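The block underneath contains the structure these notes are about, expressed in structure tokens.
The values are calculated or read from the model by the stated rules, or taken from the named source; none is laboratory data. All values reported here derive from a predicted model rather than from experimental measurement. Cβ sites come from the backbone with ideal geometry, for glycine too, and all protein chains shown count toward neighbours. Each accessible area value is taken on the protein alone, full model and side chains, heavy atoms only, with ligands, DNA and RNA left out. Shrake-Rupley method; radii C 1.70, N 1.55, O 1.52, S 1.80 Å.
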Amino acid sequence: MSTFRLKIVTPDGLCFDGEAEQLSVRTAAGQVGILAKHIDFIAPLGMGQATIYTEGKTRKAACIGGMLSVLNGEVTLVPTTFEWAEQIDAERADASYERAQKVLHQKDSSAQDIRLAQARLKRALIRKSVAQNSK
């Protein structure tokens, strides 16, 4: 299968730099699959699972926010948050989920607290899902 150059870089540093056969990632408009020789493309990232097919293996990660760029056959993923499935701390994700649920069920939570808790809840659910689906 043909490959393309894939670079994944976050504010914390480089997560991946190499050849890939396929990338599947959630953009703000929905799920997108990238193969070799894809047309030039740019899109904002949503929240979801990223799946990278490389060297006959599949790697999954939680991928949240940022941008995806395909330019001249090279793919650059610049997520705000990117965590490989094997690096996700499931206990931390569970704790974040519980804290978000608590805020959402409090009657005196402000609108901003609710928005932040909803985002925290979604991130926790994505992390938990990616960690569970990689086993």
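Assess whether Leu23 counts as being open to solvent by less than 40 Å² (accessible area, probe 1.4 Å), among the aliphatic types (A, V, I, L, M) and more than 18 Å from Gln87 (Cβ to Cβ). Before you say what the answer is, go through the steps one by one.
Working: open to solvent by less than 40 Å² (accessible area, probe 1.4 Å): yes; among the aliphatic types (A, V, I, L, M): yes; more than 18 Å from Gln87 (Cβ to Cβ): yes.
It is true that Leu23 is open to solvent by less than 40 Å² (accessible area, probe 1.4 Å), among the aliphatic types (A, V, I, L, M) and more than 18 Å from Gln87 (Cβ to Cβ).
Just to be sure, is Ala61 in contact with a strand residue (DSSP E or B) (Cβ under 9 Å, 6 or more places away or on another chain) and either open to solvent by 60 Å² or more (accessible area, probe 1.4 Å) or not basic (Lys, Arg) (or both)?
On the way: in contact with a strand residue (DSSP E or B) (Cβ under 9 Å, 6 or more places away or on another chain): yes; either open to solvent by 60 Å² or more (accessible area, probe 1.4 Å) or not basic (Lys, Arg) (or both): yes.
In short, yes.
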Quick one: Ser96 ticks every box in (1) closer than 22 Å to Pro11 by Cβ; (2) in contact (Cβ under 8 Å) with a residue 40 or more places away in the chain; (3) in a helix (DSSP H, G or I) except a single one, so which number is it? (2)
Step by step: first the residues of region 41-58, then only those that are open to solvent by 20 Å² or more (accessible area, probe 1.4 Å) and touching a Gly at 6+ places or on another chain (Cβ under 9 Å), then the one that is farthest from Ala119 (Cα to Cα). Which residue is that? Glu55
Suppose we filter region 86-117 for residues that are open to solvent by 100 Å² or more (accessible area, probe 1.4 Å) and either farther than 19 Å from Gln49 by Cβ or among the aromatic types (Phe, Trp, Tyr) (or both); how many remain? 9
How about region 2-24: which of its residues are out of contact with any strand residue (DSSP E or B) (no Cβ under 8 Å at 6 or more places or on another chain) and either part of a strand (DSSP E or B) or touching a residue at least 24 places away in the same chain (Cβ under 8 Å) (or both)? Gly13
Reported set for region 64-82 where residues are out of contact with any Cys (no Cβ under 8 Å at 6 or more places or on another chain) and open to solvent by less than 50 Å² (accessible area, probe 1.4 Å) is Ile64, Gly65, Gly66, Leu68, Ser69, Val70, Gly73, Val75, Thr76
Pairs returned, first residue in region 46-61 that is closer than 20 Å to Arg120 by Cβ, second residue that is surrounded by 16 or more Cβ atoms within 10 Å (Cβ to Cβ) and of a type in the set (Asp, Glu), beta-carbon separation under 9 angstrom, 6 or more apart or interchain, are Ala61/Glu83
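Within region 25-41, which residues are over 17 Å from the mean Cα position of the chain (by Cα), part of a strand (DSSP E or B) and not aliphatic (A, V, I, L, M)? Let's see the steps before the verdict.
Our first condition is that a residue be over 17 Å from the mean Cα position of the chain (by Cα); within region 25-41, this holds for 35-41.
With part of a strand (DSSP E or B) added as a condition, the list becomes 35, 41.
Hit for region 25-41 is Phe41, nothing else.
Take the conditions among the acidic types (Asp, Glu) and modelled with pLDDT under 90 and apply them to Asp40. Does it pass?
On the way: among the acidic types (Asp, Glu): yes; modelled with pLDDT under 90: no.
No; evaluated as a whole, the condition is false for this residue.
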